[in-house]
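Some notes on the structure that comes next.
What follows is calculated from the coordinates using simple rules that are stated; it is not laboratory data. A quick note: this is a predicted structure, and the numbers were derived from the prediction, not measured. Neighbour counts are summed over all protein chains in view; Cβ atoms, including those assigned to glycine, are modelled from backbone coordinates with ideal geometry.
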Amino acid sequence: MVRAGRRSVEPVVVADVPREDGEGEKSEDEEQEEDHGRNNVLIDIPPQLADVPCLLDILPWVGHTAEVLRDIAAVVVDGVAPFELGVACEVFGTDRTADGFPAFDFAVCSPGGQPVRTNAGFALQPAHGLDRLASADLVAVPALPVSEVPGELLDALRAAAARGARVLSLCSGAFVLGEAGLLDGRDCTTHWRYAAELAQRFPAARVDANVLYVEDGPVITSAGTAAGIDASLHVIRAELGVDVATALARRMVVPPHRDGGQAQYVQTPVVLADAESLQGLLDGVCAHLDEPHTVESLAARAHLSPRTFARRFRAETGTTPYAWLSARRVELAQSLLETTDEPVERIAVLTGFGGPAALRHHFTAALRTTPQAYRRTFQCPDVRAG
């Protein structure tokens, strides 16, 4: 399966960041550092790295080689989402043989080959029934309603996976795979808005809401909307090679490769609903993230001991001072990367991380991508033009 990997790194010195719970008692080493006028905390947290598949992950799934990915079926029922269906049609169903691309035998299928209505209000007339899945090398399942999944569709998906076909879900299509039992014991994902529901409905599945796509055996699941393009290109890359996938991405005017382990870009709200006694203090910290903040300094401003402050902070915010401050600084870095052309070195100072190494460390741990890569993806066009 494709998983994100970790490696050991040298400890990173992060300037002026509060310690975790129980921070009030200092170790002998910390006391010696402070005796020399240092105010830093030594943090040894290995960064979350992009997916690095092992050799077995690089090999094709059993029963498939680059020569046999030719037969693709996309399944639809009433309420299908046209965008996710369109992704499958664009990647696998568009004839590009005149430009040297491989030919796919692509079909859209519905129960009994009956017409279906999309959730956008227009109708589709598939040319095939679900019997077409019996020969498919890849079955694509776009976002479909999951309240009443036809039993014959679930049976057809189980049969396809059992004989070795790949099964690819796009966005909430993962729920259909869950109903078929294909997510049991497997890593999977879906749109971040539905990840908690997916995990609740299918407790045997290992749901990861923080990735773009996951491959586990013959089952590939993707996050919302555009992540379906990334997952589809991943299949092309695995089966037909990097050159074909890159050329196809260029034709589609999309990035040729985004790692599955890259985070879904979710804006996480600050949990401060009950921070009654600390709200004013936290607002002040947010206004001066570039300044040094430690548990001791924040506790002094709140007229509390460091230990009491750490306990109250967790009780009122649901997290630790260290995690909260790091998250706020990463959020500020995101904003500056999107809306300014400040160099990364300057952004590291403005966000209170002190240097680019610490910024990259925390940014990558939170979003599974680098500040530079994030800027290339999300910087406002008028900033780039200026």
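Summary of the geometry: region 99-154 and region 333-355, compared by the centres of their Cα atoms, lie 46 Å apart. Estimated at 0.36 nm per residue, the fully extended path between Asp131 and Phe378 surpasses their Cα-Cα distance by 84.6 nm. Ordering 220-232, 319-331 by mean Cβ neighbour count within 10 Å, with the highest value first, yields 220-232, 319-331.
For region 104-138, chymotrypsin sites (Phe, Trp or Tyr not before Pro) meeting the loop criterion (DSSP other than H, G, I, E, B) and having at most 11 other Cβ atoms within 10 Å: Phe122. Phi angles of region 352-357 translate, via the Karplus equation with coefficients 6.51, -1.76, 1.60 and θ = phi - 60°, into HN-Hα couplings of x, 7, x, x, x, 5 Hz per residue; Gly and Pro are given as x. Counting charges near Ala205 (Lys, Arg +1; Asp, Glu -1) among other residues having Cβ under 12 Å from its Cβ returns a value of -3.
Computed extension gain for Asp105 through Thr370, at 0.36 nm per residue and net of the alpha carbon distance, reaches 91.5 nm. Only alpha carbons enter this Debye calculation for region 72-190, each as an equal point scatterer, and the log10 of I(q)/I(0) it gives at q = 0.22 Å⁻¹ is -1.31.
Under 5 Å between amide hydrogens, built in the peptide plane, is the criterion, and for Ala140 it picks out Ala73, Ala74, Val75, Leu168 among residues at least 5 positions away or on other chains.
Of all DSSP-defined beta bridges confined to region 55-252, some 25% are antiparallel rather than parallel. If the chain linking Gln114 and Ala327 were pulled fully straight, counting 0.36 nm for each residue of separation and taking away their Cα-Cα distance, it would gain 71.7 nm.
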